[in-house]
Amino acid sequence: MNTLFAKLLLPATALTGMAAQVQAQRTAAAGRPNILFIMCDDHAMQAISAYGSALSQLAPTPNIDRLAQRGMLFRNCFVENSLSAPSRACLVTGLYSHQNGQRQLAEGIDTTRQFFTELLQAAGYQTGLVGKWHLMCEPKGFDYYHVLDDQGKYYNPTFCSTGHYKQYRQEHGYATTLITQHAIGFLDRRDKSRPFCLMVHHKAPHRNWMPDTKNIGRYDKVRFPLPATFFDDYATRGTAARTQKMSVIDDMEMIQDLKVPELLDTSSVESMASYSALAGELSRLDRQQRAAYDKYYLPRNRRFMEARLEGRELAEWKYQNYVRDYMAVIASVDESVGQLLDYLEAHNLDKNTIVVYTSDQGFYLGEHGWFDKRFMYEESMHTPLIVACPGRVKAGVECTDLVQNVDFAPTFLSLAGVQKPAQMTGRSLEPLFGGNRPKDWRESLYYHYYDYPTFHLVRKHDGVRTARYKLIHFYGKGGEQGARENKYQTMPGTRENRVYNYLRQANYFTSDTAAVDYYELYDLKADPHELDNIYGKPETMGVFKALKRLLDGYRKTLKVDEY
């Protein structure tokens, strides 16, 4: 009887112990700051008016600026790999791409790696994720998630939620608005006895830049300044800059990107594919949404067709209409930031919530004649970062120290009082929040881009950046031969393989493209636009050797297995 009683009592004792452990975690978490992390997809620094660009002054972002005024604006935040999924993998793991497995856009992330959200959960935090996830695994370490299907759609998108992974359901509305509503829903329903970490990941302003119907045509009368490097001839740079396919003039799709279906050429496979992509987007609109869309784009396109633009005039028309749509998409993001800040203030959460605003990487808004990202050049490696919290982050100041997206996970753990795992590569930004630079802060950063051959044909490269100099090493086989160097592109059944085969059939790249193995070197102080590659000049040999030693040191220390 005593033995039986002991067996019956054991589960109750265990449950009591578990309950006590959970309560202890919550008690320990009490008083720690909440974390609100807002991340956009492809939001360029030059499209945030707090950073002061001429372009952004014509389309200001008052709510993001409001966050900057009450917090710290980072001038030198960079990514390790300027591509969506790899950047997101760096964020959740605090590891470089070769360490977390996500080197390319689709397959790759090593789900055995610990996500920082798992550690926050264990420390008593209530964790949530809404919006774009874009990693090929179920979100882990989250008490609640409500995420878009893959890249997500702007109009009437589909989401799946906690416990129903990949069971997508369509919702009516605009993606940015819906994501904000779900974020506020999480905040309304949260366990108020626990601190929270909420990650708000917007689809916007990812290609193909579809504004909310209320913002369509918002900047129609605005003429944005043409970037000084828009007609760059890449005279001093290697083949990578000249063989890319991310030119606004040559590669931006008139139908899908610039929304001119009137240019459909039924004899062209590419034109038909572009038309199909746009038609698929527009088929999601209801009657009222479509009427608002047509009200602006139909007369605009009629004027364009009648003008028969060529040469420079056509190039500038593409640029203006690209940026007008892009900035109209940003207007919704800025409104969302304002709504979230208002919510925190209205519910007395603003005093103990760390608010972070960033992007998964930078983006080209016509600089060097480009759109998209990928390169180690400044516009894509550079990403915005603003952090605010009264009493914890010095307000209204700028930080110019070198920081990177692998630092975000260690920062959140540090704020929560959680020990950073030894294998986590990044370091906490918390020592910078007081406005002073620690003596042991880093002097350089490592970058590595792997996703070739695929869309945009940016060649593989790695490199180092210091406060003044940048050394880039481009490498790898060309065209179809380059795919054999990758894990998934030649593996049947993978998404990487499907994309690769589609591009092959479309003659997107050729098998005789030459291999590359060369360096570029830039003095960012003398040449901030990176127009003058000074590699190979006798007077810069000392700088090159020093940076090459630094690059080799990163490769050895980080155990980089490809370069």
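The values are calculated or read from the model by the stated rules, or taken from the named source; none is laboratory data. Every value quoted in this text rests on a predicted model; they were computed, and no experiment measured them. All Cβ positions, glycine included, derive from the backbone under ideal geometry; neighbour counts span all protein chains shown. Note: accessible area is taken over every heavy atom of the protein model, side chains too, but ligands, DNA and RNA are not part of it. Shrake-Rupley method; radii C 1.70, N 1.55, O 1.52, S 1.80 Å.
Assorted remarks:
- Residue selected from the stretch 230-252 under the condition in contact (Cβ under 8 Å) with a residue 24 or more places away in the chain and within 17 Å of Glu313 (Cα to Cα), by the criterion surrounded by the most Cβ atoms within 10 Å (Cβ to Cβ): Val248
- Cβ-Cβ under 7 Å pairs, at least 6 apart or on other chains, the stretch 179-195 side closer than 22 Å to Gly124 by Cβ and of a type outside the set (Asp, Glu), far side open to solvent by less than 70 Å² (accessible area, probe 1.4 Å) and part of a helix (DSSP H, G or I): Ala183/Leu340; Leu187/Tyr343; Arg194/Ala29; Pro195/Ala29
- Residue list for the stretch 393-436, filter: under 21 Å from the mean Cα position of the chain (by Cα) and part of a loop (DSSP other than H, G, I, E, B): Thr400, Asp401, Leu402, Met424, Thr425, Gly426, Arg427, Ser428, Leu429
- Enumeration of residues in the stretch 496-514 that are touching a residue at least 40 places away in the same chain (Cβ under 8 Å) and closer than 28 Å to Ile472 by Cβ: Glu496, Val499, Tyr500, Leu503, Tyr508, Phe509, Thr513, Ala514
- Long-range neighbours under 6 Å by Cβ, at least six apart or interchain, first residue modelled with pLDDT of 95 or more and of a type in the set (Gly, Ala, Ser) within the stretch 285-314, second outside any loop (DSSP other than H, G, I, E, B) and open to solvent by 50 Å² or more (accessible area, probe 1.4 Å): none
- Taking the criterion of being of a type in the set (S, T, N, Q), in a loop (DSSP other than H, G, I, E, B) and buried (at least 18 other Cβ atoms within 10 Å of the Cβ), the only residue of the stretch 254-309 that qualifies is Gln256.
- Identity of the residue in the stretch 345-392, over 16 Å from Ser84 (Cβ atoms) and of a type in the set (Phe, Trp, Tyr), that ends up nearest to the chain's Cα centre (by Cα): Tyr357
Okay, residues lined up against (1) more than 20 Å from Tyr322 (Cβ to Cβ); (2) open to solvent by less than 10 Å² (accessible area, probe 1.4 Å); (3) part of a loop (DSSP other than H, G, I, E, B):
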| site | (1), (2), (3) |
| --- | --- |
| Val337 | yes, yes, no |
| Lys351 | yes, no, no |
| Phe375 | no, yes, yes |
| Glu379 | no, no, no |
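- In the stretch 204-229, the residues that are within 19 Å of Leu278 (Cα to Cα) and open to solvent by 40 Å² or more (accessible area, probe 1.4 Å) form Cβ pairs under 7 Å with partners that are part of a loop (DSSP other than H, G, I, E, B) and of a type outside the set (A, V, I, L, M), at six or more places apart or across chains, as follows: Arg207/Asp257.
- Set Ala422, Ala395, Ala467: member being in contact with an Asp or Glu (Cβ under 9 Å, 6 or more places away or on another chain) and open to solvent by 50 Å² or more (accessible area, probe 1.4 Å): Ala467
- Checklist (1) closer than 18 Å to Lys559 by Cα; (2) assigned to a loop (DSSP other than H, G, I, E, B); (3) of a type outside the set (S, T, N, Q) applied to His473, failing item: (2)
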